[in-house]
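Here is the structure we will look at.
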2 protein chains.
Amino acid sequence: MATAPKVSKTDGKNNHDAADEQADKEQQEAIEQIDEVQNEIDKLNENASEEILKVEQKYNTLRQPYFKKRSDLIAKIPNFWVTAFVNHPQVSALLNEDDEEALQYLTKVEVQEFEDIKSGYRINFYFDKNPYFTNEMLTKEFHLNDTGDPSSQSTPIKWNEGKDLTKKTNNGNKGKKRSHEDQESFFSWFGDHGDAGADELGEVIKDDIWPNPLQYYLASEIDEETGGDGGEDDDLDDEGNFG
Amino acid sequence: MATAPKVSKTDGKNNHDAADEQADKEQQEAIEQIDEVQNEIDKLNENASEEILKVEQKYNTLRQPYFKKRSDLIAKIPNFWVTAFVNHPQVSALLNEDDEEALQYLTKVEVQEFEDIKSGYRINFYFDKNPYFTNEMLTKEFHLNDTGDPSSQSTPIKWNEGKDLTKKTNNGNKGKKRSHEDQESFFSWFGDHGDAGADELGEVIKDDIWPNPLQYYLASEIDEETGGDGGEDDDLDDEGNFG
């Protein structure tokens, strides 16, 4: 145990007599006792973190059947996800016309937080057979390793020939009108691992869309049809008010 | 319930026949069912927040007797708090020489989070009888009101005549050498309510010093006495590693 530090420039008492030594000894004991109390506090803090994590894990599990049910219902609605994405201001900004066409084949989105929650999450995108790529599922996942460094990995997209939306169109397009602008594609995001610690699109999908995608699916209508059809819409009107 | 939005510019099917109407009806039902599932998810989220708050409150209560015991032990050590403050780089930057003298009378610091935690906290500073002011306790507290707006309030300091450390020294000082510099006083903080939502000193004391003041009390010594006296110091060596 360390000895009490010499503290104060203005203290002035530097002559040690027997009384001083007794006082030093008592202070030293007090420091050791503070250290013990501190260890107890640290243990309580660790227990608190563990209990909170367990609550989060419990509710993650409890939410799963509702997410499953929601996914099944969403599958009955054509273009649900592309509509929700188009109606989300931040995601919409990333979508070019071709992206919107390709995302009409997106039938299911899944956000999975890893069991210990703090270590990361994965987003799965399920696609119907489509003219753009052959993957049935595209995944991007985000990890924090033990030292807290973030990283991400994703499914390589198997583009059909001439259909790679992340590359500028060349002239081999058989006369089809395509309007590739200079804008990046939504699909470029899968290959972009530059800022895995603060992946903007990943976090928008996980924290903003996934908690309540229906409000984004319906958002354009709320804007367009002011007034609506009465009080039953209460639950849907408070878009944007996340906790 | 709102009707399904018209979605896709590229969908192309606008002729409604009986089959389409049936499909519309099914989609409408699916939307209503998603809304119901969403309400269940929202309820789970609220329950999760409540349970986490209860865990935090429980541990806040469990920590109290240890904080009390720690305060009693700290009271046995002269200049504990002023030493901890001087050894904390951010707090130290706010202290002028007079502040350091005045803070030698600081015997006890208390951080109290309000019962519902999210609404704010209070820091109490207890002082021995001292030549600077007559208050035995100075408090600063931080609130979030119902709409989330932050505010702070504090004890007005009853300075003894000519001892106000927040004002520049005038010449009525009876020959005592005082070295008032242009620097703001630590005590100015009590009267500063300009940025209650992100009060830097308040948050440093609450989140950085209060969880483990001993490490700051001992910090200068650890710097000075490299090597120390062996393995018993393990718990004290990991300063700076807050969770």
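Here, each number is a calculation from the coordinates, and none is a lab measurement. A quick note: this is a predicted structure, and the numbers were derived from the prediction, not measured. We place every Cβ from the backbone using ideal geometry, glycine too, and count neighbours over all the protein chains shown.
For label points placed 7 Å from Cα toward Cβ, what is the shortest-first list of nm distances from B:Glu50 to its copies?
Label-point distances to the other copies, shortest first: 2.7 nm.
Only counting other Cβ atoms within 10 Å, I'd like A:Ser92, A:Ser185 sorted with the fewest neighbours first.
A:Ser92, A:Ser185
Once the dipole of region A:21-74 is set up with Lys and Arg at +1 and Asp and Glu at -1 on Cβ about the Cα centre, which of A:Asn60, A:Leu44, A:Ile74 lies farthest towards its positive end?
Going by the Cα projections, it comes out as A:Ile74.
How far, in nm to one decimal, is B:Gly191 from itself in the other copies if the label point is set 7 angstrom along Cα toward Cβ? Shortest first, please.
B:Gly191 label point versus its equivalents elsewhere: 6.3 nm.
How many nm is it between the label spots at A:Lys69 and A:Gln33, if each spot is 7 Å from the Cα in line with the beta carbon?
Distance between label points: 5.7 nm.
Determine, for B:Asp24, B:Asp208, the number of other Cβ atoms within 10 Å of each Cβ, and report the residues in order from fewest to most.
B:Asp24, B:Asp208
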